[in-house]
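All remarks here apply to the structure that follows.
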Amino acid sequence: DEQHRFGVRQRLALREKGQAGESPHMLMMSATPIPRTLAMSYYADLDVSVLDELPPGRTPIVTKLVKDERRDEVIQRVREACLTGRQAYWVCPLIEESEALQLKTAEESFEMLSAALPELKIGLVHGRLKNDEKSATMAAFIANEVQVLVATTVIEVGVDVPNASLMVIEHAERFGLAQLHQLRGRVGRGVHESVCILLFAQPLSQTGRERLKAIYEHTDGFVIAREDLRIRGPGEFIGARQSGVPLLRYADLEADAPLVEVARDLAESLLRDAPQVADEVATRWFGGRASLLKA
């Protein structure tokens, strides 16, 4: 589950749990396939099934892009939502202040919101809290004893609070597309109209601008994954990098898609009709690292 959160070698270790010479059957799930996964589907190493409908009871999420200087308006929006009985997430990229990265932090945001919204109960969860502390805060949020939950990406998956209808993501330009889509999916789980506000700081890099444009325009995880592939590249096919330039000697996945299909058919013919030649080709090109193609 949540296949995009695993590394190449972690997935490879899972594949190797079968008996000697046998590979286990694997079903991998993700709301946002990583660029590598999408690229592997080109090469017939993965059969892809797409579920493109919202589960029953879910409502579409409105996404808004808001400049950082309009923070006070966003806080007022949080106040109004919570005073009508709804709840909100406020997501931050860091736990505590960093000199290298001057970003709004979870602890700083918790203090800021506690001061700005004294009429509301504010909670804080992040990866450094003890499990029982995190569980207590999450239980209070689920019970609506906490109206605003300030959090890092620990809430990216596995959190289901139908009453939470508003999410604010600080420094959204610093998050990857898969993370933004997963985080946005924490709202829209009930019958109430849900909004995800992406707070961003300027100046934006070209990549940051493209990511925010993609997440603003699309709610389909597979479309977002294709944009991620276009922006970040598929990474190494015979290696462990999951994004970046693929280092293919001749081919370009987008420009040469028809050739990839021809090559795939030829590869199947070689495997079927001339397995020895197929082994020699694999030995020449893969250099003993062919197992990495399976992860």
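The values are calculated or read from the model by the stated rules, or taken from the named source; none is laboratory data. It should be emphasised that the depicted structure is a prediction, and the values quoted were computed from it without experimental measurement. Glycine also receives a Cβ, built like all others from the backbone with ideal geometry; neighbour counts cover every protein chain displayed.
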_Pairs please, first residue from segment 120-132 and at pLDDT 90 or above, second anywhere and in a strand (DSSP E or B), Cβ atoms under 6 Å, 6+ apart in sequence or on different chains._
120/148; 122/148; 123/149; 124/150; 125/151
*What number goes with the only condition from (1) surrounded by 15 or more Cβ atoms within 10 Å (Cβ to Cβ); (2) closer than 24 Å to residue 81 by Cα; (3) in contact with a Pro (Cβ under 8 Å, 6 or more places away or on another chain) that residue 228 does not pass?*
(2)
*Can you give me the number of residues within segment 24-41 that are assigned to a loop (DSSP other than H, G, I, E, B) and modelled with pLDDT under 75?*
4
*under 12 Å from residue 90 (Cα atoms), out of contact with any Pro (no Cβ under 8 Å at 6 or more places or on another chain) and in contact (Cβ under 8 Å) with a residue 12 or more places away in the chain, is that true of residue 161?*
no
_Elements of type strands (runs of 3 or more DSSP E) in segment 122-175, at least 1 residues being over 24 Å from residue 63 (Cβ atoms) and in the same structural domain as residue 81 (by TED's automatic domain parsing)_ = 122-125
_Matching residues in segment 110-124 - criterion: being crowded, with 21+ Cβ neighbours inside 10 Å and either out of contact with any Phe, Trp or Tyr (no Cβ under 8 Å at 6 or more places or on another chain) or farther than 11 Å from residue 148 by Cα (or both)_ = 110
_Some residue of segment 178-195 being more than 23 Å from the chain's Cα centre (by Cα), over 22 Å from residue 65 (Cβ atoms), crowded, with 21+ Cβ neighbours inside 10 Å and assigned by TED's automatic domain parsing to the domain that holds residue 82_ = no
*Among the numbered conditions (1) modelled with pLDDT of 90 or more; (2) buried (at least 20 other Cβ atoms within 10 Å of the Cβ), tell me where residue 209 comes up short.*
(2)
